[in-house]
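Each value in this text was obtained by applying a stated rule to the coordinates, not by laboratory testing. Owing to the predicted nature of the structure, the values given are computational and were not obtained by experimental measurement. Neighbour counts run over all protein chains shown; Cβ positions are idealised from the backbone, glycine included.
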Amino acid sequence: MNKTPSFNARRRWLLQSGASCAGALGFGSIGNLLLGTQQAHAADYKALVCVFLYGGNDGLNTIVPTDAARHAQYSAVRGPLAVPRASLVALPGTEFGLHPSLGALSGAASAGHVAPVFNVGPLYAPLTKAQYRSAPDGTTLKPDGLFSHSDQQILWETGTTHAHERTGWGGRASTSLGTVNPVISVGGNARFGLTALQSPLVLPGPGSTFGAYGLQPEDLNWAPRRAIKNAVDAMYAQSQDTVLADAFARMQRDAFAVTQRLGALVKIEPGSSGAIPAIDAAFASITSNGRINTPLGRQLYQVAKLIAGNATVGGDRQIFFAQAGGFDTHAGQIAGSATEGEHARRLQEVGDALGAFYTAMRNLGLGSAVTTFTQSDFGRTFKPNSSNGTDHAWGNQHLVMGGAVQGRATYGSYPQLVLGGDDDVGSDPWELEGRWIPTTSVDQYAATLLGWFGASDAQLDATLPNLRNFGTHRQLGFV
C-alpha cells in the first residue's frame, strides 16, 4: 500500500500547521521574514528603537519652555492645561523642561542623553504659511489627510506625504542597509516595518510562547511529541507539486527554525530562569511579582532582552518598534491640574518604561549603541478646547534618548506661540487654534537617526523619498 501522502493531504497539513504557527508568530510574521543566523559584531553593534505614541501626543505639554517670557506666553493660551514651571523636569543646557510625569528620564537628561526635537511633521518640502494657504488640497505641498489619525500615522510610519504608501521607512531602511533581520516589532504589525516583500517580525510579550504550541523544545523530551515534530519536519522537507507550495513549505521550515532559536529568549520574565540581572534591576521599579506593570514596559523589557541577546537574534544592525496608545486627549486631558489626569498618566507609562530601558542599556554597557526615539500621529492644538482637552494638529515635539545622543541642546525650531502667527495654519478667527506648520520634516528626523545607524547619503535617498527636497539641511545633528 502506498503510504506517501497525496498532494491534497500534504496541502491540508501545510494549511493546518501554517495556521498554528501564524497564530504564535503574529500576523504577517511567518511567510516573508525570517531571521538569519549571523552573529552580531559586538564592537560595531547598533540598534534603533522606535516608540510610537498612538492618538497624537500633546508635545506642547511634553516639552515646555522654562524661560519666563515664553512660559508666560504658553500659560496665557493654555490656561488650566499649562504645566507650572516649578514642576518641570530640567533639560540641562536648554530653556525647556519635561512634563513631571517624565521624571524617570531625569538621570538620562542630566547625563546629556536626552534631546528634544521641535515642530516635526510630514512635509514634502519646506513650507511657509502663505504656500500652505494658497496650495489646493491634493497638491504635493500638502500632505494627505492632514489632522486625520489614520492618515497621519501612515505618513509618520512611511516617511512620505501620501497615505497610499505601503512600505515603512524602518522597513525600507532595513532593505537599503541589507540588515540581517527585518524590523522586529514588539508592538504589533505596524506599517513602519513593512517592505515591498516582507513584514516585520512580530514578537509576543515576555512569558509568551513563541511558536507552535506543543512543539516547543521542552515538549520534545516526550517521545510522542518528538515523533510529531519529526513527522512535521519530514513533511515540510518533501518536494511539493507547485512553486507556491514549495515556497510555503520553505517558509514553514524557516518559521520553525526561528521559533526554536528565539522561543526561550522571548519567554523570559523578570526573575525567571535565564533572566538577565542587569535588565531586571533596571526594570525593578515597574515590576511586581515577576511581571512588568505596563504594556510599554513589557515591550521595552522584551527589546532589552533581544538587544542583550543580539548574538542569538543575529546581525549587527537591528531596528525595533514599540508603541503606547491613548493619547487622543480631546477631553479630560487634565484632572484638577495639568500635572494630573489622562495625559499625565499616559506620559508616566512612557517615562517609566523609557527610563528603565535607558538604565538597562547602560547596565549592559550598550548605552551608546542604542538610540530610542518617539513618533506620534501629530501634535495637538495650542489652544485647548472647551472640554479640558486638545484637538488634532500637525507639527509636534519629540524626544530622542541614548548614550550617543547630543543632549544639553535643542534641535529644530520651537514654534512661535502666537495664534494666527506664521507657524499657525489658521488665518480666519474661527481657525486660530495653534496647529503648527512643521519646520522640520519626518525625513530629516529619520535621516539623522539612520545616518548614525550607518546609512550613506545614497541609502538615505533610497529610504526617504522627500529628503532631497531639503537641500543641504538633511540631518539635524542630535546624534
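A few points about this structure:
- Percentage, to the nearest whole number, of Cα pairs in segment 333-479 over 24 Å apart: 47
- Peptides 446-453, 247-254, ordered by how many other C-beta atoms sit within 10 Å of their residues on average, highest first, read 446-453, 247-254.
- Projecting the Cα positions of PHE470, HIS398, SER273 onto the charge dipole of the chain (unit charges on Cβ atoms of Lys, Arg, Asp and Glu, taken about the Cα centre) puts SER273 furthest along the positive direction.
- Scaling against 2.2 N^0.38 Å puts the C-alpha radius of gyration of segment 408-479 at 1.37.
- Distance between modelled label sites at ASP246 and SER150, nm, 7 Å Cα→Cβ extension: 4.0
- Each 5 Å bin from zero holds the following percent of Cα-Cα pairs in segment 227-291: 3, 15, 17, 14, 10, 8, 9, 9, 9, 5, 1, 0.
- A Förster radius of 41 Å combined with the Cβ-Cβ distance from ASP137 to ARG70 puts the calculated FRET efficiency at roughly 0.80.
- Between the amide H of PHE210 and any residue lying 5 or more places away or on another chain, no distance stays under 5 Å, with hydrogens modeled in the peptide plane.
- Taking label points 7 Å from Cα along the Cα-to-Cβ direction, THR312 and ALA231 give a separation of 3.0 nm.
- Binning the C-alpha pair distances of segment 255-405 at 5 Å intervals from 0 yields a P(r) profile of 2, 8, 16, 19, 17, 13, 10, 8, 5, 2, 1, 0 %, listed from the shortest bin outward.
- The phi torsions of segment 300-308, fed into the Karplus equation with coefficients 6.51, -1.76 and 1.60 and a -60° offset, translate into couplings of 6, 5, 4, 4, 4, 5, 5, 5, 4 Hz, rounded to whole numbers, with Gly and Pro shown as x.
- Principal axis dimensions, segment 196-329 - Cα atoms, whole angstrom, descending: 54, 41, 32
- Segment 153-221: equivalent-ellipsoid semi-axes (sqrt of 5 x gyration tensor eigenvalues, Cα, Å): 30, 13, 9
- Computed from Cα atoms alone, the Kirkwood hydrodynamic radius reported for segment 70-195 is 17.9 Å.
- This model, with +1 at the C-beta of Lys and Arg and -1 at the C-beta of Asp and Glu, gives segment 82-157 a dipole about its Cα centre of some 260 debye.
- Remark: spin-label model distance GLU340-ARG253 equals 6.3 nm, labels positioned 7 Å along the Cα→Cβ axis.
- Gained length - SER208 relative to ALA458, 0.36 nm times residue gap less alpha-carbon distance: 86.0 nm
- Along the axis of the charge dipole computed for segment 326-375 (Cβ charges of +1 for Lys and Arg, -1 for Asp and Glu, origin at the Cα centre), the listed residues THR339, LEU366, GLY351 are led at the positive end by LEU366.
- Among the lysines of the chain, pairs that are 8 or more positions apart or on different chains and have alpha carbons within less than 29 Å of each other number 9.
- In this Cβ point-charge picture (+1 for Lys and Arg, -1 for Asp and Glu), the chain has a dipole of about 1320 debye about its Cα centre.
- When only the Cβ of Lys, Arg, Asp and Glu is charged (+1, +1, -1, -1), the dipole of segment 241-319 relative to its Cα centre reaches about 160 debye.
- Rounded D (µm²/s) - the chain, Kirkwood Rh over Cα pairs, Stokes-Einstein at 37 °C, 0.692 mPa s: 140
- Protection proxy ranking for 371-378, 319-326, using the average of other Cβ atoms within 10 Å per residue and placing the highest first: 371-378, 319-326.
- Relative protection proxy for 398-404, 308-314, from highest mean packing down: 398-404, 308-314 (other beta-carbon atoms within 10 angstrom).
- The slack in the chain from ARG166 to THR472, taken as 0.36 nm per residue of separation less the alpha-carbon distance, amounts to 107.4 nm.
- Calculated over segment 194-266, the projected area of the Cα convex hull averaged across directions stands at 5.9 nm².
- Reference-scaled alpha-carbon Rg (2.2 N^0.38 Å with N residues) for segment 128-261: 1.52
- Column: log10 I(q)/I(0), Debye, Cα scatterers of segment 359-444, q = 0.13, 0.19, 0.26 Å⁻¹: -0.56, -0.88, -1.26
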